[in-house]
Each structure stands twice: as structure tokens, then as C-alpha cells.
Amino acid sequence: MILIISVSIFLATAIGTIGLYLWLEARKESLPQRFKEIVGEETGAPSGRIAASAGEWLGKVRKRFAAKSPTEIELVEMLSGKELAGGRLLLNQAGIRSVGAYRIYLGIRWVLPVVLMVLAVVYGKVAGIASKLIFLMFLVAGITGFLLPDFVLRRKIRRRQEEITDTLPDGLDLLVVCVEAGLGLNASFIKITEEFKLSSPALSEEFDIVNREMVAGKPRQEALRALTERTGVEDVKSLVAMLIQTEKLGTSLAHSLRVHSDSLRMRRRQKAEERAAKTTIKLVFPLVFLMFPALFIVILGPGVLQFFQSYLYTGPK
């Protein structure tokens, strides 16, 4: 009875805390705060300018709430490097970029432990398990529910980064061909976006976002640096550093891309050779713990059985 009361109090506190957090998150986008950000704290601003700014902002709010999907400008604002921090950065690196994804992620991360703990307590009571074991299941369920969303998200990030790493040299080859054919960097990014939609959706999406940011007026260097933050891939970071340095120094872009593509391809081959060399060490554990016992049973089993049979029938000499 005491355990049920404690669990009820904990659930009520957790639900109240989650509700208060979501309410405070919603209050951050309130009208007075946004009005102050647009109008500023200028005391001598004309009333007509304030009214125009307020009307313009209200128009943006109506469009934003009326739109079913984020527009290009909203997408650029959402993917700005200054806003990528913590869970938002992880969601962007995983390719999850919907408007309410961050709140949904926070809700799952706080609600899932509560649900799992309730299920653990209910199962323990129905199955008639001891109170100490129920408490242990309660703790394990809470820890698992809290860590599981982050584990799944990071696993998705790792798979996406591996996809970008594997297909980046092919994308650079196409970029070299486009640049040597006379296309600009923006047009080359568009070509990569079109050609890699099926083979590598992640790479196609990232280059599409870079192109959209530059079309929206964002400087090329900032757009490329935001690309490194969204992906978190070392090869992309080196590519962005090379593009920025080439633009600053005025060297040949096609030659730099070709050299960088060859280096990435060589690095990919070296990683494949490294993984192949590690397979012999990784095979030791399944051989020792899975295959060798079965072999011992098959090879030594008949002899052991024959020994015991002869020992039981004839007895020790």
C-alpha cells in the first residue's frame, strides 16, 4: 500500500513537472517577447514604425500558423547554427527537422520512463513478485526509459553519418565534373541534390539545405560551417575547410576538389582495410564461446560416453 501511494505521488509530481516545462516552453514564444525583439527597446521610435513592425510580425505569425509545412525561410531559421545546441543539434544530425520534433523528443524522454515504471509496478503486483524486486524493476524501468530515446537517436545519427561518409567521395567526383564543365558551386550543389536522391538521401538533403541557405541570402562560409554542425562528419569538416580556404586564396576549385576527392577515397579504402584486419580479432570470441564447445562435444562426446558406459558396467579396476 505504501509503495502504491509513493508511486502515485511520484507520477503526479512527474506529470506536473512535465506540464509546467511544456507551458514554459510555449511561453517563450509569447507575443510581448516577440514584439520586444522586433521593435527593440528604442524609446524615441515613431508610433507608425511600431505599428508597421507589429503588423508585419502578426502577418508572419498568421502565415506560420496557417502553413502545414515549414517554408524555406523557416527551414533556414530552424537550421541556423546559433540555434543548434543540445537535443536540437542531435535531432538535426539525425535528419529529423520538423517544427515540433524537439518538443516531441523531450516529451518522449520524460513520459517514457513514467510509463515503463508504472508498467513495472503493475506487472510486479499482478505477478505477485516481492516488494524489493518490484522496487528494483521500478528503478531499472525508469533508467531504461530515460536512456532509451537518446540511445535510439544516437544510433540513427551514427548510421546517417556513415551513409554520408561512404557517399561523399562519389559526390565530390560529381562536383568536380560539374565545376570543370563550367557550373558554379550553387549549381553544382543542385546537381548533387538531384543525382543522389535515391543513392544517398542524407547527402542529397544536406547539400539541398546548403543551397537553400545561400539562396535565402546567407553567406557561403556560414552556410558551409552550418553544414559541418548539422552532420558532425569529419570528412565534411575537412571538405568545408578546403572550400573556404580555396575561396579565400583564389586557387583552382576543380583541382582542389579532385585532390580532396582522391584523399577521401584513399581514406575510405584504408578504413575498409582496417575493418578487414579487425575481423580476425572479432572472430575469436564467437569461435571460443560458440563453435569450440560444439566441436568439443562432437569430437569428445562419443569417447566420454563410451568411457562412462564401460565404467558403469565393469566398474573401476
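Values computed for the structure shown
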read-out	value
Square roots of five times the Cα gyration tensor eigenvalues for region 163-278, Å	23, 16, 14
Relative contact order %, region 79-175, counting alpha carbon pairs below 8 Å whose residues are six or more apart	34
Magnitude of the charge dipole, region 163-278, Cβ model with Lys/Arg +1 and Asp/Glu -1, debye to 20	260
Packing rank of 288-294, 163-169, where each peptide gets the mean count of other beta carbons within 10 Å, highest leading	163-169, 288-294
Exceeding the 26 Å Cα-Cα cut-off - candidates Lys156/Lys248; Lys132/Lys156; Lys191/Lys271; Lys156/Lys218; Lys191/Lys278; Lys156/Lys237	Lys156/Lys248; Lys132/Lys156; Lys191/Lys271; Lys156/Lys218; Lys191/Lys278
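Every number in this text was worked out from the coordinates using simple rules, so none of it is lab data. Note that the structure is predicted; figures quoted are calculated from it, not measured. Counting neighbours? That spans all protein chains shown, and the Cβs are built from the backbone with ideal geometry, glycine included.
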